[in-house]
Amino acid sequence: MKLLVIEDEHKIANSIKQGLIQEKYTVDVAYDGKVGLDLAIGEKYEVIILDRMLPGTSGDDILKTLRTKNIHTPVLMLTAKGQIKDKVDMLNTGADDYLTKPFAFTELVARIKALTRRPQKTFSSELKIRDLTLNTQTYAVKREETEISLSNKEFMLLEFLMRHPNKIYNKEQIIEQVWSYESDVMPNSVEVYIKHLRDKIDKPFEDKPNLIHTVRGFGYKID
């Protein structure tokens, strides 16, 4: 899943990003409101983690703009203010949840998972392509009844493909969705990770049809 963190305090933003990467999320970070709003409008995210007190464009203004544009990505607000009125104002503006600073990282992860468990097809916790299953809550990957061990990045790539079955994505599109937008990852890295997935998901099951396919001149898909 791809998340956006909009937080002007670099230490906090980077700490959140590194922690979420360990939880197998793809994370983009914006350190000011304008960049954050541009990303939130122009990219697709499963959850936006939004600091309320930002210089320039505030978190409240970003949230209002998103909802005005009918962008209903779940937004988790971070605030230093814990008064009831502040919480009510955030929820009335369109926030889906909030955390008061300082907060425990484990609670942040739990709230993100709660938002993504809402009954929307996009956020289904168990994905299935034929006899291959992937669970985004337990991180279990199985083909038939055989458990498959994946690295963090392999898991992220497989999850992305499985959320978009039969759709072809080129290397640049995969990098944008699986790696963060500021990453300097090279296109051949996609080839490497696709090969890793094939070695674990297709190659050991020779009596089964391959699931990951290369569409020459276009990209990759799973079906």
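The table for this structure:
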quantity	calculated
Filtered residue count, the stretch 40-74, keeping only those that are among the hydrophobic types (A, V, I, L, M, F, W, C) and under 19 Å from Ile12 (Cα atoms)	6
Subset of the stretch 165-187 (residues that are under 24 Å from Arg216 (Cβ atoms) and either buried (at least 19 other Cβ atoms within 10 Å of the Cβ) or under 14 Å from the mean Cα position of the chain (by Cα) (or both))	Tyr169, Ile174, Ile175, Glu176, Gln177, Val178, Trp179
Residue among Asp89, Asp131 that alone is of a type outside the set (A, V, I, L, M) and not assigned by TED's automatic domain parsing to the domain that holds Lys200	Asp89
One residue from Val88, Val5 being more than 26 Å from Val178 (Cβ to Cβ), of a type in the set (A, V, I, L, M, F, W, C) and out of contact with any Phe, Trp or Tyr (no Cβ under 6 Å at 6 or more places or on another chain)	Val88
Any hit, the stretch 115-125, residues being at pLDDT 90 or above and under 19 Å from Glu23 (Cβ atoms)	no
Matching entry among Ile174, Ile168, Ile201, Ile194 (being farther than 30 Å from Leu39 by Cβ, in the same structural domain as Asn135 (by TED's automatic domain parsing), of a type in the set (Val, Ile, Thr) and modelled with pLDDT of 90 or more)	Ile201
Cβ pairs under 7 Å, 6+ apart, first in the stretch 196-223 and surrounded by 14 or more Cβ atoms within 10 Å (Cβ to Cβ), second among the basic types (Lys, Arg) and assigned to a strand (DSSP E or B)	Ile201/Arg143; Phe205/Arg143; His213/Lys221
Any chance Glu7 is at pLDDT 95 or above, surrounded by 15 or more Cβ atoms within 10 Å (Cβ to Cβ), under 24 Å from Asp89 (Cα atoms) and of a type in the set (Asp, Glu)	yes
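The values are calculated or read from the model by the stated rules, or taken from the named source; none is laboratory data. The structure displayed is predicted, hence computed values, not measured ones. Please note: Cβ atoms are built from the backbone with ideal geometry, for glycine as well, and neighbour counts cover all protein chains shown.
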